[in-house]
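The structure appears right after this line, and notes come after that.
The values are calculated or read from the model by the stated rules, or taken from the named source; none is laboratory data. Not measured: the values here are computed from a predicted model. Positions of Cβ are backbone-derived with ideal geometry, glycine not excepted, and every protein chain shown enters the neighbour counts.
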């Protein structure tokens, strides 16, 4: 499955929130995009998941114009500044309970305990979310976003603003892709450089360009099981193979874009505030039947 942004723009009152952008991302793939803080990250996360109507251009799913409500139901945004980032005063247990409920899962105390036990975080349940190490925060929020089995695409927005090693959230993104999800990660250019992307210093108008793809990690295709044919045991030793085993720990193949734009060193901990005039589509994903297709004839965004 693939989501494509075809010459998408998002207008603001004074200047574009997202300049003209083309992007494609598929399931079993992690895509890294980089731009300076404040230049389109929030708008991109929302428009790519059906949560914000583009001012121009199209959002396609498998080549057909997407229905925004269905795309919202099949996607999740993680920790978007000013949109769905958790209140810093909440405890980890509170955040997990809320996240499970939003994912349509049971959120009783024992369900929260189970979620935390599976991640060896039971001892942190009473800790404020703003006190969590950056990798733990991002992993927990991503785990909650993907707890809904209908979710096929996930956007991680500026995980580098919490500090830590960029390799931690990039490894998390590649792991989600290996699990079959399409993952879009938005970061600053300085963080992309920390991941080994060759970005020259930013100059002039390049400081204000929209996010662009700088790296991709494609998970190996999951092999199909092999059925035993009547002559599969040709040597007569009774050891015919009946299938293949998939290595879930297989490394992903990473590609970098040699034509990426430029960079300057900025404080990656500096949060990006969303524009005041974002127009969010607030139709809950629960209104979408579980069997509704992601694509249909083009129609307006509700």
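Overview of results
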item	result
Residue satisfying all of: in the range 66-90; surrounded by fewer than 16 Cβ atoms within 10 Å (Cβ to Cβ) and farther than 16 Å from residue 155 by Cβ; farthest from the chain's Cα centre (by Cα) among these	89
Residues satisfying the stated conditions in the range 142-153, i.e. touching a helix residue (DSSP H, G or I) at 6+ places or on another chain (Cβ under 8 Å) and either free of Cβ contacts under 8 Å to residues at least 60 places away in the same chain or assigned to a helix (DSSP H, G or I) (or both)	142, 143, 144, 145, 147
Residue in the range 119-141 that is farthest from residue 154 (Cα to Cα), counting only those that are surrounded by 14 or more Cβ atoms within 10 Å (Cβ to Cβ) and touching a residue at least 40 places away in the same chain (Cβ under 8 Å)	128
Lone qualifier among 167, 150, 192 - being under 18 Å from residue 103 (Cα atoms) and more than 13 Å from the chain's Cα centre (by Cα)	150
Qualifying residues in the range 6-15 (those that are assigned to a strand (DSSP E or B) and out of contact with any helix residue (DSSP H, G or I) (no Cβ under 7 Å at 6 or more places or on another chain)) - the one surrounded by the most Cβ atoms within 10 Å (Cβ to Cβ)	9
Verdict on residue 156 being in contact with a strand residue (DSSP E or B) (Cβ under 6 Å, 6 or more places away or on another chain) and surrounded by 19 or more Cβ atoms within 10 Å (Cβ to Cβ)	yes
Selection count where residues are surrounded by 14 or more Cβ atoms within 10 Å (Cβ to Cβ) and more than 18 Å from the chain's Cα centre (by Cα), scope the range 102-118	9
Residue count for the range 16-49, restricted to those that are modelled with pLDDT of 95 or more and assigned to a loop (DSSP other than H, G, I, E, B)	4
